[in-house]
Each structure stands twice: as structure tokens, then as C-alpha cells.
Amino acid sequence: MVYKTHGTCSTQIQFELVDGKLHDVNFTGGCSGNLKGISTLVEGMDVNEAISRLEGIRCGFKATSCPDQLAQALKQAL
């Protein structure tokens, strides 16, 4: 799935869901090191667990963040 982000430095997130597990997460734009770290940490994670852990995380004074946008993308994919 490809998800266009809103309110973040990254512009889109690509990922695959296989049997309820998250795979191949790739962010376009944003803070490369941090987003590679997030992608590695959520690899193989249950989609609902990922949503639970990431939803609501904010970036500074922004109302959202790249992890929160991943949670929104996962919710949309479900």
C-alpha cells in the first residue's frame, strides 16, 4: 500500500501487510535514520500492535508525526 502523509516531513509511506503482519515499510522524505529505525522495529509486527504503539505520537508542536502517520495508514489499510 502507498499512503500519502499529512503534516509531516515525509511525503509518503509504502508497506505490505501479510497475514496481519507489517512488512517492507519505507518512508519517502523525512529523517532518514529515525525512519529506517522505525521501519526495522515494526518489521513483522502485528498490525494492531503497531497501531497501538504508534498512534498519537507527536513531533514537536505538530499534531502528528511520521510514526502517527504510519498508524493512520495502517488503520486505513484495515
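Looking only at residues in segment 1-30 that are touching a residue at least 60 places away in the same chain (Cβ under 8 Å) and open to solvent by 70 Å² or more (accessible area, probe 1.4 Å), which one is farthest from Gln69 (Cα to Cα)? The selected residue is Met1.
In segment 11-70, the qualifying residues are those that are over 19 Å from Met1 (Cα atoms) and among the hydrophobic types (A, V, I, L, M, F, W, C), and the one that is farthest from the chain's Cα centre (by Cα) is Phe61. Pairing each residue of segment 31-57 that is over 13 Å from Ser10 (Cβ atoms) with any residue that is surrounded by 18 or more Cβ atoms within 10 Å (Cβ to Cβ) and of a type in the set (Ser, Thr, Tyr), provided the two are 6+ apart or on different chains, yields C-beta distances under 8 Å for Ile57/Ser65. The residues on offer are Leu54, Leu74, and the sole one that is touching a Leu at 6+ places or on another chain (Cβ under 6 Å) and not β-branched (Val, Ile, Thr) is Leu54. Among the numbered criteria (1) of a type outside the set (Ser, Thr, Tyr); (2) closer than 20 Å to Thr11 by Cβ; (3) open to solvent by less than 70 Å² (accessible area, probe 1.4 Å), which one does Lys62 miss? That leaves (3) as the condition not met.
If you check Leu74, Leu78 for being surrounded by 15 or more Cβ atoms within 10 Å (Cβ to Cβ), among the aliphatic types (A, V, I, L, M) and touching a residue at least 24 places away in the same chain (Cβ under 8 Å), only one passes: Leu74.
The values are calculated or read from the model by the stated rules, or taken from the named source; none is laboratory data. Computed from a predicted structure; not experimentally measured. Quick reminder, even Gly has a Cβ in these numbers, built from the backbone with ideal geometry, and neighbours come from all protein chains shown. Surface areas here come from the heavy atoms of the whole protein model, side chains and all, with no ligands, DNA or RNA. Shrake-Rupley method; radii C 1.70, N 1.55, O 1.52, S 1.80 Å.
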